[in-house]
1. Kindly indicate the residue of region B:273-288 that is facing chain A (nearest Cβ under 7 Å) and part of a helix (DSSP H, G or I) and also farthest from residue B:329 (Cα to Cα) among those meeting that condition.
2. Of the conditions (1) at pLDDT 90 or above; (2) crowded, with 16+ Cβ neighbours inside 10 Å, residue B:128 clears all except one; give me its number.
3. With a cut-off of at least 1 residues that are not assigned by TED's automatic domain parsing to the domain that holds residue A:273, name the strands (runs of 3 or more DSSP E) lying wholly within region A:328-390.
4. For region B:391-408, give me the residue count where each residue is in a helix (DSSP H, G or I) and within 11 Å of residue B:370 (Cβ to Cβ).
5. What number goes with the only condition from (1) within 7 Å of chain A (Cβ to nearest Cβ); (2) within 30 Å of residue B:364 (Cβ to Cβ); (3) out of contact with any strand residue (DSSP E or B) (no Cβ under 7 Å at 6 or more places or on another chain) that residue B:318 does not pass?
6. Do you know which residues across region A:292-327 are surrounded by 19 or more Cβ atoms within 10 Å (Cβ to Cβ) and outside any helix (DSSP H, G or I)?
7. If I go through region A:344-384 residue by residue, how many of them are in contact with a Gly (Cβ under 9 Å, 6 or more places away or on another chain) and of a type in the set (Phe, Trp, Tyr)?
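The values are calculated or read from the model by the stated rules, or taken from the named source; none is laboratory data. Everything numeric here is computed off the predicted structure, so don't read it as measured data. Cβ placement follows ideal geometry from the backbone for every residue including glycine, while neighbour counts extend to all protein chains displayed.
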There are 2 protein chains.
Amino acid sequence: MRAEIIAVGTELLLGQIVNTNAQYLSRGLAELGIDVYYQTVVGDNKERLIQAIDIARERADLLVFTGGLGPTLDDLTRDALAEYLGRGIELHEPSMAKIVSMFSARGGSFVESNRKQALLVEGATPLRNDTGLAVGNALNVDGTCYLLLPGPPREMKPMFDNDASAWLKEQLGPAKTLHSAMLKFAGIGESGLEDLLIDLIREQQDPTIAPYAKEGEVAIRVSTKAADAEEAARKLAGTLTEIRGRTSSYLFAEEDVPIEATIVRTLTEQQRTLTLAESCTGGMVSELITTIPGSAVVFLGGIVTYSNGMKMKQLGVPAELLEGPGAPGAISAETAVAMAEGMRASADSDFALSITGNAGPAAAEDKPVGLVYIGLAERGRETRVEQLQLSGDREGIRLRAAKRSLYLLWQSLTGRC
Amino acid sequence: MRAEIIAVGTELLLGQIVNTNAQYLSRGLAELGIDVYYQTVVGDNKERLIQAIDIARERADLLVFTGGLGPTLDDLTRDALAEYLGRGIELHEPSMAKIVSMFSARGGSFVESNRKQALLVEGATPLRNDTGLAVGNALNVDGTCYLLLPGPPREMKPMFDNDASAWLKEQLGPAKTLHSAMLKFAGIGESGLEDLLIDLIREQQDPTIAPYAKEGEVAIRVSTKAADAEEAARKLAGTLTEIRGRTSSYLFAEEDVPIEATIVRTLTEQQRTLTLAESCTGGMVSELITTIPGSAVVFLGGIVTYSNGMKMKQLGVPAELLEGPGAPGAISAETAVAMAEGMRASADSDFALSITGNAGPAAAEDKPVGLVYIGLAERGRETRVEQLQLSGDREGIRLRAAKRSLYLLWQSLTGRC
């Protein structure tokens, strides 16, 4: 079954709201094994909506609408579909009774326009709305399926998950659904990862392999259609083993989590603690780590030292590293090491990461934008330091430096270096 | 000019990411006075992409693409458009030089697939990419305009705001364009602000008044169409004066900047310095402040104290506040005051903000999720403390606590309290 999602609402075209419904429905349809080929957004305009239906009808056999089922004049979806199909409109008595009783319970008088929310396209199956008033519609007309769902996410989501999904499964019959495995990578870019897997990607058929980048990390989704989880696991196993073998230096999780989640989990398992000494990342690494619930158990804290005075006073970085002719300066391997070691000793943590560099926009200490040093002090081991030359804007440099520092820590934690 | 936005990417159709680009572009096009009639999402499939172009070509005279300009095999947008237009592909030498130099600066060897990111549809105007590698494309073919922008928001947004918008203005000619003033507010929610301005919003015609919330702050855009900036200023003046008069306790900027930018600018003007002592926000306030270029002049640094040990050792919070029966605990007004005063004294800064609280997901110290204390120590003044009970998830609580702390500092800096 090939689906198209049609979101109806001028507020989407004006950019007043984000179309999160399209994502929710896409994911939900994928889980049912239904391929979404297009998403469309059209305004509250009957003529253009009918044109959109006509186009979608040519290229899909399931049209899922959200929005335009409400009480106001610009709620047109039901009318437009009825007109397109040459059908009438009928009242759904139970929905009407619910609306009337809701109004009397609130002590308000019934507003006539609300009657619209109890209407169905002639012959449609009603879809229950547990969190609002507008009844949903489901129709199969000559093999093309139509689902009409409300626009507000808190009404749309339960209606899709309950009545709409059940109705779709009936239409699909005992078919196969899509099962996916997600692999997450750090320390490598999207093109570098694709290079490692290029033959697998080129020859992919079933399972499919889709790489993508997000928020400073790279992910791969490996997918196949199967009747159940067991069959899916069997079909995915070979591809997953091959990918794992080639990417073990970078593969930090087999679920959709950021590397900071893996770090917090691993530190917790190993009962080890972390502190941070940040300069150019300005607290971003702390912020990432503390995003993870439970991080308080392993993350003692961190110090953001933006001034040289703070580096000396709080971290004990020697003045001769920072100031005076011939000093390596704040942006140097020596300072990164001193920051990490000073932080670790002061807090008596098992690990301390330090990051110092120039995130831009201008050169600092005559060091180029993008030059970053990362230090990793570990109890009982020699401190490591890595020099990076990153490109991009200030936020991009900071994010990549932060993620790279977590990658170095992950390597140490998992015995990869 | 009627526009259609075409987002290209199978990850959108699978629901792996939300199409925030469509919102950003819709809003940006509206500001240029361009109406968006449709948004379409299509996967990484050349045949379907060409069909989508063909449909859009019938119903729009500006096609704005995002996605599919990257280095990998499934990045097809440029090729699809060239094929649709019957044009060739040409190398943009400056973009190629930039890619090669980026690789050599990183010390990595050039990966051949990256060459793709320097390609243009024959005859296209290149659009500079300041935050990534893929060059954008702008074409006007027989009165239909095509813009090819990258998919990652951090590359797409600056390219649209800079080169693409400038190119679109050229295509539009000296028509009346939309001029807007942006007002930014902190310390008040969207509905609270709307209450203050409800009569203006109800009666608006020209200028229009549009409030919206973003990233823990509230903004109002006041817009009018005018031939030039001078005429626009004349038309906007009355409305702006009225809004300023009603909202002066909250209005921190008359441009689209976050409150941390106003804080850094004001501290710089006043030659005063700031330090931070964060617990539940975990470095978020430091991260926000250091996002602003030039923050190093006024922000000395901060300490993230997640453990009680760090609070005592690094900030000098007395043990009797934190531990033992009857102690107020880490999440208390007393500890917030001690953290702020300890931080300020240790770094000898003019201001120190402290934030301690429970961001969830579980109760801590028997304190409810969302309970947050903010302390503000200032040289020569009594330390202030504020108690908040915030709602929402962990990230929402952290963000609102961080923004609220900056609002308190802004009030002090500008003599509002």
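1. Quick first cut of region B:273-288, residues facing chain A (nearest Cβ under 7 Å) only: B:282-284, B:286-287.
Now drop any that are not part of a helix (DSSP H, G or I), which leaves B:284, B:286-287.
Numbers: B:284: 22, B:286: 24, B:287: 26 Å.
Of everything passing the filter in region B:273-288, B:287 is farthest from residue B:329 (Cα to Cα).
2. (2)
3. In region A:328-390, no matching strands (runs of 3 or more DSSP E) lie anywhere.
4. Looking only at that region, the number is 6.
5. (1)
6. If the condition is that a residue be surrounded by 19 or more Cβ atoms within 10 Å (Cβ to Cβ) and outside any helix (DSSP H, G or I), then A:292, A:298, A:299, A:300, A:301, A:302, A:303, A:304, A:305, A:306, A:307, A:317 are the ones that fit.
7. Residues in region A:344-384 being in contact with a Gly (Cβ under 9 Å, 6 or more places away or on another chain) and of a type in the set (Phe, Trp, Tyr): 1 in total.
Condition check ((1) out of contact with any helix residue (DSSP H, G or I) (no Cβ under 9 Å at 6 or more places or on another chain); (2) at pLDDT 90 or above; (3) buried (at least 22 other Cβ atoms within 10 Å of the Cβ); (4) part of a loop (DSSP other than H, G, I, E, B)) across all residues:
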site	(1), (2), (3), (4)
A:5	no, yes, yes, no
A:18	no, yes, no, yes
A:22	no, yes, yes, no
A:29	no, yes, yes, no
A:40	no, yes, yes, no
A:48	no, yes, no, no
A:51	no, yes, no, no
